[in-house]
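The values are calculated or read from the model by the stated rules, or taken from the named source; none is laboratory data. This is a predicted model, so every value here is computed, not measured. Counting neighbours? That spans all protein chains shown, and the Cβs are built from the backbone with ideal geometry, glycine included. With ligands, DNA and RNA removed, areas are computed over all heavy atoms of the protein, side chains included. Shrake-Rupley method; radii C 1.70, N 1.55, O 1.52, S 1.80 Å.
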Amino acid sequence: MPLARKCSRQTLAVLAASMQQPRSWKHGYELSKGTGLKSGTLYPILIRLSDQGFLDSRWEEAEQPGRPPRHVYRLTATGLALAREQLRVAAESEFGLRPIKAGGR
Amino acid sequence: MTLQTASRWLSKRLLSTAMRVSPLEREEWARAMSREVDEIPSNREALTWALGCLQASCHERLKSIRPTNFWPVRWGMALWVALLAVDTLFYAGITLAYKLGLFTEHYPYPENVPSLEVTPLWDPMLCLLTGGVFLWAIVLILRRSRLALQAVVVPFVVSLLLFAIRLVRPESGYLESLSIAYQKSHYALMWPIAGLTFTILICLALWRDRQTPAPR
């Protein structure tokens, strides 16, 4: 199922955060910090992007021994194309990219 | 137990609840969310994170619910579609019988005779087909088939179109009969509107059903 033509502000924030060093894998907490989104908003977006083939995910061994592995994410090639397109559209729109307030709203 | 340890304990409890609430196909994501909490230094932030995880799990659980998984919903839908089928087939049967001259006795609804006279033969024939598709839709709904949506929407749209055609044909007298019914009681139109709404709701529920992957 393709993503709607115009993404929500929250999805745009996730795409923008993932676009910074796009080849590197990012943790959920790191994305939460980067976007200002709470986990309850962030994860449904990550799940949707992953279902639609825009996001890759894998388990990564923790740096500190004894810690459980963590789930990491990065945009796929189609995800990168989508992010570029959506961010360009958002930048050209009347309001541009507005920052998300604490709490993810 | 200090406030910090109580906060961490509560976070863990919330995360284990989130894992339980999460649908089976999202188990990996629930695990991913809960693993992150170990990396959050602040207790307060960890608690907020855990609450968010529970919210996300509830969201995914709600998304995974297929309305037809519940047998009362399934049977309720089937019953309503059965009523639509009976209504359509009754109209088709009685109109066809009149048009083909099968009434040896007096026609039981003399007030409808002027309308029947001007009704073309294809109208009841199409209704017969529509009623048949409604009957097929009952089987599909009960079997939880993805085709159920089309089997309800197509005859429903055809019925609406037929109704619209009858309305715009002035010689059919449909508009007058509706107007008379409305003059008798302002609530007379409430039932058809409620029926229309209910059928649309069924279509939406079946559409929702199609969007939701079947549980593993």
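For the range B:170-193: of the residues being open to solvent by 50 Å² or more (accessible area, probe 1.4 Å), of a type in the set (A, V, I, L, M) and under 19 Å from B:Leu84 (Cα atoms), which is modelled with the highest pLDDT?
B:Ile193
Quick one: would you say B:Ala18 is within 14 Å of chain A (Cβ to nearest Cβ), buried (at least 19 other Cβ atoms within 10 Å of the Cβ) and in a helix (DSSP H, G or I)?
Criteria met by B:Ala18.
Just checking, which of B:Arg74, B:Arg35 is of a type in the set (Lys, Arg) and either surrounded by fewer than 20 Cβ atoms within 10 Å (Cβ to Cβ) or more than 11 Å from every other protein chain (Cβ to nearest Cβ) (or both)?
Result of the check over B:Arg74, B:Arg35: B:Arg74.
Within the range A:3-105, considering only helices (runs of 4 or more DSSP H) that don't extend past its boundaries, which have at least 2 residues that are surrounded by fewer than 17 Cβ atoms within 10 Å (Cβ to Cβ) and either away from chain B (no Cβ under 14 Å) or at pLDDT 95 or above (or both)?
Filter on the range A:3-105 gives A:9-19, A:77-92.
Report yes if B:Leu24 is open to solvent by 50 Å² or more (accessible area, probe 1.4 Å), away from chain A (no Cβ under 13 Å) and modelled with pLDDT under 95, otherwise no.
yes
For B:Asp87, all conditions in the list (1) surrounded by fewer than 12 Cβ atoms within 10 Å (Cβ to Cβ); (2) within 30 Å of B:Ile202 (Cα to Cα) hold save one; what is the number of the exception?
Tallying (1) surrounded by fewer than 12 Cβ atoms within 10 Å (Cβ to Cβ); (2) within 30 Å of B:Ile202 (Cα to Cα), B:Asp87 fails exactly one: (1).
Where residues in the range B:41-71 are touching a residue at least 24 places away in the same chain (Cβ under 8 Å) and outside any helix (DSSP H, G or I), which of them is surrounded by the most Cβ atoms within 10 Å (Cβ to Cβ)?
If we take residues in the range B:41-71 being touching a residue at least 24 places away in the same chain (Cβ under 8 Å) and outside any helix (DSSP H, G or I), then B:Arg66 is surrounded by the most Cβ atoms within 10 Å (Cβ to Cβ).
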